[in-house]
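Just so it is clear, none of the values below were taken in a lab; they were calculated from the coordinates. For clarity, every value in this text was computed on a predicted model and none was experimentally measured. Cβ coordinates were reconstructed from backbone atoms using ideal geometry, including for glycine residues, and neighbour counts include every protein chain displayed.
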2 protein chains.
Amino acid sequence: MDEEGRRVFRFFNEIGIINQLAGAIFAARLPDGLHVSHFALLNHLVRLGDEKTPLALASAFQVPKTTMTHTLAVLEKRAAIRLAPHPSDGRSKIVFLTDAGCKLHADAIASMADPIRKITDDLGDGTISDLIPQLEKIRAYLDQNRGI
Amino acid sequence: MDEEGRRVFRFFNEIGIINQLAGAIFAARLPDGLHVSHFALLNHLVRLGDEKTPLALASAFQVPKTTMTHTLAVLEKRAAIRLAPHPSDGRSKIVFLTDAGCKLHADAIASMADPIRKITDDLGDGTISDLIPQLEKIRAYLDQNRGI
DNA sequence: TGCATTTAGTTCGACATCGCATTACTTAGT
DNA sequence: ACTAAGTAATGCGATGTCGAACTAAATGCA
């Protein structure tokens with residue numbers, strides 16, 4: 001692997017560490033038994049809309065169908081989502097976000113406000129947010145080149 | 001949460017997705033049953049030196065001690081590491097990287113060369129590596145501010 | 001229409017992660 | 001020296017992740 005290759009490898013290493021550290025910060029704040037993966041799904045439904053099929057969600061998160069089945073079962077047990085049969089495809093289902101799920105998401109977001117504020121205060125506006133465009137570009141590339 | 005707060009949240013969101021997508025790419029290339037967490041530990045020992053205690057490693061990866069016990073047990077069973085009693089503290093142990101572990105790490109790195117090369121070729125030199133300094137800064141900050 | 005193939009979701013079994021309690025040892029205070 | 005408190009690692013149980021096999025339904029094609 002050449003010089004630039006090692007740098008790219010290093011980049012993903014840093015990404016992994018940041019993800020780990022940030023995940024620990026957020027996980028500690030999540031309401032009672034809510035797991036990061038559960039919150040991530042709620043966040044997805046709130047941001048990009050619900051009424052998705054389980055398979056579409058599994059694909060969006062790049063996880064096996066079985067994992068999504070499990071995550072959806074947990075959230076349904078908490079009444080954060082509702083699973084309805086697909087209107088035109090008998091094999092499939094549709095995921096609906098419930099009011100309780102919306103509230104759970106809002107509570108989770110609120111619980112993260114403090115650490116987020118501290119991080120922005122300490123690092124200064126822009127230190128983090130200036131990187132978003134480049135990261136979006138990389139994310140979009142990786143997303144369009146799965147199974148590389 | 002204010003405007004900048006939402007951007008920071010978004011940043012960590014992008015980080016998480018990139019980590020997920022990159023992890024999937026690398027996991028698919030790892031030698032037989034090697035898990036990403038196992039490789040991460042090998043990588044740490046190679047990059048920053050071995051002869052660490054299990055607790056120090058658990059702390060470095062921000063995982064519970066029990067998780068590290070498990071990971072070390074797996075790598076020891078594969079003879080990639082060796083656990084020796086701590087010379088001055090009877091409660092503790094020292095982790096040594098074996099030759100086999102070094103080779104396993106080298107093999108894993110080599111197996112990732114292809115996707116890394118494709119990524120650099122497609123995105124262009126610098127697109128990724130230019131971000132490293134800022135990410136290092138953010139990582140160092142989060143590292144020094146655990147339990148925020 | 002009839003039947004093979006593909007697709008959505010689940011079940012099951014294996015391994016990873018992690019909190020809690022326990023054991024062994026060290027350190028601090030007296 | 002003795003005891004109490006703190007610390008390193010582990011055993012156990014619950015939950016998360018995920019691959020292989022399965023079921024039911026849709027699709028393709030003769």
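Numbers below:
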| item | result |
| --- | --- |
| Average Cα contact separation per residue, chain A, under 8 Å, 6 or more apart, as relative contact order % | 22 percent |
| Residues B:E136, B:E14, sorted so that the one with the fewest Cβ neighbours within 10 Å comes first | B:E136, B:E14 |
| 10 Å Cβ shell holding at most 12 others, DSSP loop, trypsin sites (Lys or Arg not before Pro): longest site-free stretch of chain A | A:1-90 |
| Nearest-0.05 FRET efficiency for A:A110 and A:L83, computed from C-beta distance (R0 25 Å) | 0.40 |
| Mean ellipticity per residue at 222 nm, deg cm²/dmol - from DSSP H runs of n ≥ 4 across chain A, formula -39500 (n - 2.57) | -22000 deg cm²/dmol |
| Dipole axis of the protein assembly as shown (+1 Lys, Arg; -1 Asp, Glu on Cβ), positive-most option in A:L104, B:N43, B:P133 | A:L104 |
| Chain A - charge dipole about Cα centre, Lys and Arg +1 at Cβ, Asp and Glu -1, debye rounded to 20 | 580 debye |
| Region B:22-69 versus region B:70-148: alpha-carbon centroid distance in Å | 6 Å |
| Copy-to-copy label separations for A:D89, where each label sits 7 Å from Cα toward Cβ, in nm and ascending | 5.5 |
| Aspartates and glutamates whose Cα lies under 16 Å from that of B:K118, excluding same-chain neighbours fewer than 8 positions away | A:D2, A:E3, A:E4, A:D143 |
| Check: region A:5-71 dipole with +1 on Lys, Arg Cβ and -1 on Asp, Glu Cβ, in debye | 360 debye |
| Residues in region B:35-62 reached by a label modelled at B:E136 [backbone nitrogen below 16 Å; 7 Å Cα→Cβ] | B:47-48 |
| Summed side-chain charge close to B:A60 - residues other than B:A60 whose Cβ falls under 13 Å, Lys, Arg +1, Asp, Glu -1 | +3 |
| Closest Cβ on chain B to the rotation axis that carries it onto A (distance rounded to whole Å) | B:N19, 2 |
| Given charges at beta-carbon only (K, R positive; D, E negative), |dipole| of region B:76-134 in Debye | 540 debye |
| Cross-link table A:K52/A:K77; B:K77/B:K137; B:K77/B:K103; A:K137/B:K137, entries beyond 27 Å C-alpha to C-alpha | B:K77/B:K137 |
| For A:A28, label point 7 Å along C-beta direction: distances to other copies, nm | 3.6 |
| Positive-pole candidate from A:M68, A:L142, A:I17, dipole of chain A, charges at beta carbon | A:M68 |
